[in-house]
Structure formats: structure tokens, C-alpha cells
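Asker: This is the structure, below, for whatever I ask next.
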Amino acid sequence: MELKILGSSSAGNCYVFDNGKEALVVECGIPFQEVKKAVDFDISRIVGCLVSHEHGDHAKNVQKFLDARIRLFASIGTIQKMGIIEKIITAAFYPIALKAREKQVVGNFTILPFDVQHDAAEPFGFLIQHYEMGTVLFATDTYYLPYRFNGLNNILIECNYRLDLLEANIEAGRVHAITRDRTIQSHMSFDTCKEALLANDLSAVNNIVLIHLSDSNSNALEFQQGIREATGKTVFVADRGMKLNFNKTPF
Ligand SMILES: [Zn+2]
């Protein structure tokens, strides 16, 4: 399995798990054209697209995905907030509502959604299982992780900001003070990310991918080094265009 990162910032998020036979897309915050390119224009192999919540950087191209007849999966709260219900013509392409802690099979992927803590209607994180890549944790846009997970093999987790960098930016007038509270109550800090990772059994984890770093309140190199030192694992910072081997075993 390959993980293709098509976007991982407030400009637009999209991740594709693709083994050349089937592909699962997570988030539709980038133009659908880029997803088409990522799957070699074979959109029939896209088994579905998960959407974590309705904010534009995760969901703004949802209608284009539906127009392309991609099966969309999200919480009922997210589906309602995306404002697409009235635009849907064929019932077959109505988004499919996920329920927290209820498994959903999508192709050879099994999805277990869980609730996260963000300023959105009903935001979800996902445990995604596939026989090639094992159990993958996907958690973004949450100021902490309310659960522990068993048997993780690969992790994508938000590492949005570090408090000292955020404070320094406010002091220097580069970031408005109003954004401070919103950031703290909706996004995951470096320290919380580290704690969340260390609260889980990482013994079978191959890759930790830090996602959704803030443009101004983060330091990619320091975040990568810090999480690598804390966990002893292979750590990447998500970047547009990045491709990673995402298998259950490291080989
Ligand atoms: Zn958001």
C-alpha cells in the first residue's frame, strides 16, 4: 500500500491509500483533478472517500467528488453541514452516514470512526484497517485524542502548533490574539500529540506521519525530531506530493 499526500494544511487536505487495485481517499479539500492524477486517472478504483468534518480545507470539493460518483462517508452532522443534500440528484450517490464506533466496510478497507474534539458539527477520526497496511490511525483537527487504540501499524496524527511559537507570533503581531483561543480549543499541539502517541502501544508501528502543521506556529524539523526522539519511531512530516510505503510490515 502506498500513502499519497495530496495536501496537509489549511490550504487543503487530502490523503490517498492506493495499492494500484483499490484506493481509499481521506478528505476532499483539494481539487478532484489532483485525485484523478494520483490514481492514474483510474477513478473506478476509488472505493470511497472519508470526510472528517465540514471545514473547507477538508471538504470544500465535496460536490465534485459526488459528481464523479465517488462514495462519500462522513458523520450525519458533517453531511448536513456540508450543505450538499439538496444538490444530490441520484439517491445512489447520497453520502453514507457513519456512526461513531460502528464499523463500515469500504472495499477491502474497514473503517472504525470515532469522535474527536474540534469546533465542527460532528467531527470524526478514523481507524482504517486493510490487510496490506494493518491498522492505521487517522486523527486530525482535534485538540486532544480521547481514546487509546490497540494494534496500530501506521499513524497519521495532527501536530499543528507549539504553544511557545504561537505566543511569540502573537507578541510580534504576526498572529492575531483571537486565533489563540480557537487554535488551542480545536487543534493539536506538539505536546498533546506527543502525549497521545506515548499513551498508545507503538511496538508494531512502522510510520508516524505528522499532519496538518500550522503554517506559522510550527517548525517541521523540530517537530519531526521531537516526536522521533520521544517515540523511537520513523517519523515524517506530511508534505504535498509526498508518497510513503504504508505497509503492515516495514518491507
Ligand atoms: Zn477544521
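Asker: Give me the residue from region 29-75 that is among the polar types (S, T, N, Q), assigned to a helix (DSSP H, G or I) and at pLDDT 95 or above and, out of that set, surrounded by the most Cβ atoms within 10 Å (Cβ to Cβ).
Answerer: Top of the filtered list is Gln33.
Asker: For Ile96, indicate whether it is under 19 Å from the mean Cα position of the chain (by Cα), closer than 22 Å to Asp239 by Cβ and away from the ligand (no atom under 14 Å from the Cβ).
Answerer: Numbers: under 19 Å from the mean Cα position of the chain (by Cα): yes; closer than 22 Å to Asp239 by Cβ: no; away from the ligand (no atom under 14 Å from the Cβ): yes.
In short, no.
Asker: Suppose we filter region 48-75 for residues that are touching a Leu at 6+ places or on another chain (Cβ under 8 Å) and either within 16 Å of the ligand (Cβ to nearest atom) or of a type in the set (A, V, I, L, M, F, W, C) (or both); how many remain? Write out each step before concluding.
Answerer: We begin by selecting, within region 48-75, every residue touching a Leu at 6+ places or on another chain (Cβ under 8 Å); these are 48-51, 62, 65-66, 72-75.
Keeping just the survivors that are either within 16 Å of the ligand (Cβ to nearest atom) or of a type in the set (A, V, I, L, M, F, W, C) (or both) gives 49-51, 62, 65-66, 72-75.
Selection size over region 48-75: 10.
Asker: Please go through region 21-47 and pick out each residue that is within 15 Å of the ligand (Cβ to nearest atom) and within 15 Å of Pro95 (Cα to Cα).
Answerer: Val26, Glu27, Cys28
Asker: A further question on this structure: Hey, does region 240-250 have a residue that's of a type outside the set (D, E, K, R) and within 16 Å of the ligand (Cβ to nearest atom)?
Answerer: Keep residues of region 240-250 that are of a type outside the set (D, E, K, R), which gives 241-242, 244-247, 249-250.
Add one more test, that the residue is within 16 Å of the ligand (Cβ to nearest atom), and what stays is none.
There is no residue in region 240-250 that is of a type outside the set (D, E, K, R) and within 16 Å of the ligand (Cβ to nearest atom).
Asker: Being touching a Ser or Thr at 6+ places or on another chain (Cβ under 9 Å) and in a loop (DSSP other than H, G, I, E, B) is the filter; apply it to region 1-28 and report the residue that is modelled with the highest pLDDT.
Answerer: Glu27
Asker: Still on this structure, I have one more. Can you find a residue that is surrounded by 21 or more Cβ atoms within 10 Å (Cβ to Cβ), over 26 Å from Glu167 (Cβ atoms), touching a strand residue (DSSP E or B) at 6+ places or on another chain (Cβ under 6 Å) and touching a residue at least 24 places away in the same chain (Cβ under 8 Å) anywhere in region 225-235?
Answerer: No, region 225-235 contains no residue that is surrounded by 21 or more Cβ atoms within 10 Å (Cβ to Cβ), over 26 Å from Glu167 (Cβ atoms), touching a strand residue (DSSP E or B) at 6+ places or on another chain (Cβ under 6 Å) and touching a residue at least 24 places away in the same chain (Cβ under 8 Å).
Asker: Continuing with this model, one more query. So for region 141-154 (the condition being surrounded by 18 or more Cβ atoms within 10 Å (Cβ to Cβ), without any contact (Cβ under 8 Å) to a residue 60 or more places away in the chain, under 16 Å from Ser52 (Cα atoms) and of a type in the set (S, T, N, Q)), does at least one residue qualify?
Answerer: Yes.
Asker: Something else now. Taking the conditions exactly as written (surrounded by 19 or more Cβ atoms within 10 Å (Cβ to Cβ), modelled with pLDDT under 95 and either more than 16 Å from the chain's Cα centre (by Cα) or not aliphatic (A, V, I, L, M) (or both)), does Ile79 satisfy them or not?
Answerer: The answer is yes for Ile79.
Asker: Okay, next question. I'd like the full set of residues that are polar (S, T, N, Q) and either farther than 23 Å from Arg182 by Cβ or touching a Gly at 6+ places or on another chain (Cβ under 8 Å) (or both), limited to region 22-79.
Answerer: Hits for region 22-79 are Gln33, Ser44, Ser52, Asn61, Gln63.
Asker: Another one. Six or more apart or on different chains, Cβ atoms under 9 Å: show the pairs whose first residue is in region 62-79 and on the phi > 0 side of the Ramachandran plot and touching a residue at least 12 places away in the same chain (Cβ under 8 Å) and whose second is small (Gly, Ala, Ser) and part of a helix (DSSP H, G or I).
Answerer: So the pair list comes out as Arg69/Ala92.
Asker: Quick check on my filter: what residues within region 128-148 are within 13 Å of the chain's Cα centre (by Cα), under 15 Å from Leu202 (Cβ atoms) and not β-branched (Val, Ile, Thr)?
Answerer: If the condition is that a residue be within 13 Å of the chain's Cα centre (by Cα), under 15 Å from Leu202 (Cβ atoms) and not β-branched (Val, Ile, Thr), then Leu137, Ala139 are the ones that fit.
The values are calculated or read from the model by the stated rules, or taken from the named source; none is laboratory data. Worth saying up front: this structure is predicted, and the values here are computed from it rather than measured. When we count neighbours, we look across all protein chains shown, and the Cβ atoms used for this are built from the backbone with ideal geometry, even at glycine.
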